[in-house]
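Notes follow the structure.
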Amino acid sequence: MIVDSSALLEQAVDDIVTSAFGSAGQRCSAARALLVQQEVAGELRELLTGAMDELTIGPARDVATDVPPVIDEAAQQGLLAHIEATKRIARWAHTVAVSPEILKSDTYVPPTVLGLDSLEQLTEEQFGPVLHCFTYKQKELGKVIEQIHATGYGLTFGLHTRLRSTMDEVLGAVHAGNRYVNRSIIGAVVGVQPFGGEGLSGTGPKAGGPFYLPRFAVERTTTINTAAIGGNLELLS
């Protein structure tokens with residue numbers, strides 16, 4: 001997700017939290033990388049970390065829960081190891097404080113945001129409530145898009161801006177199957193919004209759209225030479 005200096009930051013933060021930490025970040029469409037224009041990076045960071053601290057970590061069955069456990073212990077341990085390793089190279093980091101008792105009670109991973117220098121530092125996808133944050137200069141927007149493409153992934157992309165010119169520029173350049181402007185990047189409506197990615201995220205036909213079903217059909221043609229019956233039309237009855 002890219003957030004430029006014209007964005008309504010309160011709206012952006014709400015959508016970032018939903019996209020990165022909803023369902024414990026274990027959606028294929030979840031936000032993994034946040035790229036923020038330098039001029040608003042400090043303010044957005046303050047708003048984001050404050051919003052994260054208001055999240056409730058708990059059982060998935062509890063309606064008050066914002067962030068449930070991840071799917072299993074292997075996923076939990078892998079995510080926790082990634083967080084600890086990345087903190088050593090991060091410019092800054094923020095992890096939601098969770099009591100040791102809660103952490104031990106299930107496969108919880110505290111929502112975490114890690115401030116890094118470059119997308120090149122992300123070598124593999126982390127499937128959980130972990131967001132990686134980067135900053136960019138306005139004149140580097142084209143380079144940022146190139147870096148996104150260099151990751152090879154192209155399932156979902158988000159943009160927060162109030163400038164129509166930026167929308168046109170970015171959406172005209174980004175290679176992603178699902179693009180969202182000024183909203184979260186999760187929650188595509190099955191049967192209404194086609195859903196499928198590009199590059200390493202591509203799986204072929206998009207699911208959910210009006211042209212999805214015909215892709216499962218196989219075209220066949222049959223040609224019959226009626227002259228081969230020797231002119232006896234009764235054979236055709």
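The values are calculated or read from the model by the stated rules, or taken from the named source; none is laboratory data. No experiment lies behind these values; they were computed from the predicted model shown. Quick reminder, even Gly has a Cβ in these numbers, built from the backbone with ideal geometry, and neighbours come from all protein chains shown. The area values use the complete protein model at the heavy-atom level, side chains included, leaving out ligands, DNA and RNA. Shrake-Rupley method; radii C 1.70, N 1.55, O 1.52, S 1.80 Å.
Among the residues here, residue 227 qualifies as over 28 Å from residue 15 (Cα atoms), of a type in the set (Gly, Ala, Ser) and either assigned to a strand (DSSP E or B) or open to solvent by less than 90 Å² (accessible area, probe 1.4 Å) (or both). For residue 49, the conditions (1) in a helix (DSSP H, G or I); (2) without any contact (Cβ under 8 Å) to a residue 60 or more places away in the chain; (3) among the β-branched types (Val, Ile, Thr) are fulfilled apart from (2). Scanning the stretch 90-130 for residues that are touching a helix residue (DSSP H, G or I) at 6+ places or on another chain (Cβ under 6 Å), touching a residue at least 24 places away in the same chain (Cβ under 8 Å), of a type in the set (A, V, I, L, M, F, W, C) and farther than 20 Å from residue 60 by Cβ yields 114, 119.
Of all the residues in the stretch 1-15, those that are touching a Leu at 6+ places or on another chain (Cβ under 6 Å) and either closer than 14 Å to residue 156 by Cα or in a helix (DSSP H, G or I) (or both) number 4.
Does residue 117 satisfy the condition of being in a loop (DSSP other than H, G, I, E, B), over 21 Å from the mean Cα position of the chain (by Cα) and either crowded, with 16+ Cβ neighbours inside 10 Å or charged (D, E, K, R) (or both)?
no
Within the stretch 130-164, restricting attention to residues that are more than 13 Å from residue 37 (Cβ to Cβ) and of a type in the set (Ser, Thr, Tyr), the residue that is surrounded by the fewest Cβ atoms within 10 Å (Cβ to Cβ) is 151. Note on the stretch 1-19: residues that are crowded, with 22+ Cβ neighbours inside 10 Å and hydroxyl-bearing (Ser, Thr, Tyr) total 1.
Candidates 27, 61: the one that is part of a loop (DSSP other than H, G, I, E, B), farther than 23 Å from residue 99 by Cα and of a type in the set (D, E, K, R) is 27. Any chance the stretch 79-95 includes a residue that's touching a Phe, Trp or Tyr at 6+ places or on another chain (Cβ under 9 Å), open to solvent by 10 Å² or more (accessible area, probe 1.4 Å) and either outside any loop (DSSP other than H, G, I, E, B) or more than 30 Å from residue 149 (Cβ to Cβ) (or both)? The answer is no, given that none of the residues of the stretch 79-95 is touching a Phe, Trp or Tyr at 6+ places or on another chain (Cβ under 9 Å), open to solvent by 10 Å² or more (accessible area, probe 1.4 Å) and either outside any loop (DSSP other than H, G, I, E, B) or more than 30 Å from residue 149 (Cβ to Cβ) (or both). Within the stretch 165-216, being of a type in the set (Phe, Trp, Tyr) and open to solvent by less than 80 Å² (accessible area, probe 1.4 Å) holds for 180, 195, 212. Candidates in the stretch 160-198 are the residues that are in a helix (DSSP H, G or I) and of a type outside the set (A, V, I, L, M); of these, the one that is nearest to residue 150 (Cα to Cα) is 169. When we screen 41, 75, 33 for residues that are open to solvent by less than 30 Å² (accessible area, probe 1.4 Å) and closer than 15 Å to residue 18 by Cα, the only hit is 33. Contact map, the stretch 14-26: residues that are at positive phi and touching a residue at least 12 places away in the same chain (Cβ under 8 Å) paired with residues that are open to solvent by 10 Å² or more (accessible area, probe 1.4 Å) and part of a helix (DSSP H, G or I), Cβ distance under 9 Å, separation 6+ or inter-chain. No pairs are found.
Results for (1) at pLDDT 95 or above; (2) of a type outside the set (D, E, K, R), shown as yes or no for each residue.
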| position | (1), (2) |
| --- | --- |
| 116 | yes, yes |
| 121 | no, yes |
| 126 | no, yes |
| 132 | yes, yes |
| 158 | yes, yes |
| 162 | yes, no |
| 167 | yes, yes |
